[in-house]
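Reviewing the structure listed below.
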Amino acid sequence: MAEDYANLMAQLKSGELDEFTVEPADFMAFQTAYMSFESRKRIIGKAEKKGSHHLSL
């Protein structure tokens, strides 16, 4: 089941979450939600060597 990345980013913005992880196989689904998110410039991503991305605000 695909993650609801728009909801996860909204939870980051509201403070409900400190961070979440996007696995490489899900990156394109995340990218679509990210480009539509109004506060995307405030989200900080960190890529890991294994291909995962950790996102925080």
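The values are calculated or read from the model by the stated rules, or taken from the named source; none is laboratory data. Values in this document were obtained by computation on a predicted structure and should not be read as measured data. We place every Cβ from the backbone using ideal geometry, glycine too, and count neighbours over all the protein chains shown. Each accessible area value is taken on the protein alone, full model and side chains, heavy atoms only, with ligands, DNA and RNA left out. Shrake-Rupley method; radii C 1.70, N 1.55, O 1.52, S 1.80 Å.
Things to note:
- Residue list for the stretch 40-57, restricted to those being out of contact with any helix residue (DSSP H, G or I) (no Cβ under 9 Å at 6 or more places or on another chain) and open to solvent by 60 Å² or more (accessible area, probe 1.4 Å): Lys41, Ile44, Lys46, Ala47, Glu48, Lys49
- Taking the criterion of being among the polar types (S, T, N, Q), open to solvent by 50 Å² or more (accessible area, probe 1.4 Å) and under 16 Å from His54 (Cβ atoms), the residues of the stretch 1-39 that qualify are Thr21, Gln31.
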